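All remarks here apply to the structure that follows.
The values are calculated or read from the model by the stated rules, or taken from the named source; none is laboratory data. Remember, it's a predicted structure, so these values are computed and weren't measured experimentally. Counting neighbours? That spans all protein chains shown, and the Cβs are built from the backbone with ideal geometry, glycine included. Accessible surface areas use protein heavy atoms only, side chains included; no ligands, DNA or RNA. Shrake-Rupley method; radii C 1.70, N 1.55, O 1.52, S 1.80 Å.
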Amino acid sequence: MDPQANLHLPSRDPYGETVRRRLYIGAVVCGMTLLLFGVVMQRALNLHEPYLQYVAPVLMGLSALNLWWLLSGRALIVAELASVVVLAAASMAHIVLVSLGAAAMPGAYPNSGPYWAVIGVCVLAFLALPPRRATPFNLSYLSFSLLLPWLLPATYAASSASGLVRVQLNAVMVFLLVWGLSWFRTQYASQTQTQELLRQMAFTDALTGLPNRHAVYPAVEALLRDAAQGQAGSLFLIDLDHFKRINDGHGHGVGDEVLVAAAQVLRNCATEKGSPSPTVGRWGGEEFIVVMPGTPPERARVRAEGLLAEFRAWNWPQHLQVTASIGSSSVRTGEDFSGLLARADAALYAAKASGRDRAVVQGEAELEESALC
């Protein structure tokens, strides 16, 4: 059971692998569509462009494989890294083919298409790789793509130097913009992680890992809202019997181990089949609370007795015999949290006053007190 399942806490960062996977699927489909359109057009117009003749068909086949990988739900990082490698190689091939074929192409302004592909690879690398790896990879990759046309023989670099420099400067400016956005994204992710850590610290008990008192309040409020609509619900207050003796006799370290073990016992707490999962929390000290939606009083009695049996049978640290007392109250229409908690606390007091290692359900507390008088 997830102890935080019903806490109604602020939602975590919704962006993750699912969103990225959908984004990549859309990008692959668009890319394949553009490649197919280019291949069809070059054949229809008899352009004989080497990139569309030789590279594009291979790239379409690899893109289809990548699309199958993404749609089948396989590891996203594999698709990301493979895409970076394949697209980087394809863009380099595009630059080489355009550069070598520029002498036969009229016009002084070079083809800027390869550099848009380079920017696309840089964007993908920023998304797929951690910042400490994405930045050096992109700087090296971009630098090589800018130098490559000038290193190849018989290219347009000499005759169309001004046009090539203009295209490359535009690519550098776009890259710097993407780099800035990537830095902002990294800072935002770091801030989000810090906020999530603070959120967990604020709503989680550090020792037991259970929700703390602040985290339980929303679950109780939800229980009371359900009661206003006629739905059943119960609340347990659980106190470890003679816990001070454990601390005094065995030390606080063993006491902490007992509290952690008690939390594990309570995690096994479950309502009847078809009911929502309970919320188990540490109320303070050696006291715990269990919020059980969909649980009427008679079912609360059965579950409380089951919990007592689990406490007795548990393998406790230092071979201790640890028992617990349970006070239970069930929701009433129009009741607030204070009233619900007060009745559970009174039931817990009656259970301890009656000898401990027992459960008292609401309505039984008064009978126990009458019997003691």
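Restricting to the stretch 296-310, give me the number of residues that are open to solvent by less than 60 Å² (accessible area, probe 1.4 Å), free of Cβ contacts under 8 Å to residues at least 12 places away in the same chain and among the hydrophobic types (A, V, I, L, M, F, W, C).
1
I'm told SER234 meets every condition in (1) buried (at least 19 other Cβ atoms within 10 Å of the Cβ); (2) among the hydroxyl-bearing types (Ser, Thr, Tyr); (3) farther than 19 Å from VAL331 by Cβ except one. Can you identify the failing condition by its number?
So SER234 meets the others, but not (3).
Read through the list (1) more than 27 Å from THR33 (Cβ to Cβ); (2) in contact with a helix residue (DSSP H, G or I) (Cβ under 6 Å, 6 or more places away or on another chain); (3) modelled with pLDDT under 90, then give the number of the only condition that PRO110 fails.
For PRO110, the failing item is (1).
Going by the conditions given, is LEU197 at pLDDT below 90 and either over 33 Å from the mean Cα position of the chain (by Cα) or open to solvent by 60 Å² or more (accessible area, probe 1.4 Å) (or both)?
Yes: the conditions hold for LEU197.
Going residue by residue through the stretch 208-226, is there one that turns out to be in a helix (DSSP H, G or I), within 20 Å of GLY339 (Cβ to Cβ) and β-branched (Val, Ile, Thr)?
Checked against the condition, which is being in a helix (DSSP H, G or I), within 20 Å of GLY339 (Cβ to Cβ) and β-branched (Val, Ile, Thr), the stretch 208-226 yields at least one hit.
Does the stretch 248-263 hold any residues that are assigned to a helix (DSSP H, G or I), over 15 Å from GLY284 (Cβ atoms) and either basic (Lys, Arg) or open to solvent by 10 Å² or more (accessible area, probe 1.4 Å) (or both), and which are they?
ASP248, GLY249, HIS250, HIS252, GLY253, VAL254, GLU257, VAL260, ALA261
If I ask for residues that are within 27 Å of the chain's Cα centre (by Cα), surrounded by fewer than 20 Cβ atoms within 10 Å (Cβ to Cβ) and under 15 Å from SER83 (Cα atoms), which ones from the stretch 129-156 would you list?
LEU129
Mind listing whichever residues of the stretch 200-227 are hydrophobic (A, V, I, L, M, F, W, C) and open to solvent by 90 Å² or more (accessible area, probe 1.4 Å)?
Result: MET201, ALA206.
Can you name the residue in the stretch 311-358 that is open to solvent by 10 Å² or more (accessible area, probe 1.4 Å) and of a type in the set (A, V, I, L, M) and, of all such residues, is farthest from ASP256 (Cα to Cα)?
The extreme case among them is VAL331.
I'd like the full set of residues that are open to solvent by 30 Å² or more (accessible area, probe 1.4 Å) and in a strand (DSSP E or B), limited to the stretch 277-295.
Of everything in the stretch 277-295, those that are open to solvent by 30 Å² or more (accessible area, probe 1.4 Å) and in a strand (DSSP E or B) turn out to be ARG282, GLY284, GLU287.
For the stretch 335-358, how many residues meet the condition of being part of a loop (DSSP other than H, G, I, E, B) and within 37 Å of the chain's Cα centre (by Cα)?
Total satisfying the criteria: 2.
Can we say GLN200 is out of contact with any Gly (no Cβ under 6 Å at 6 or more places or on another chain), of a type outside the set (D, E, K, R) and free of Cβ contacts under 8 Å to residues at least 60 places away in the same chain?
The answer is yes for GLN200.
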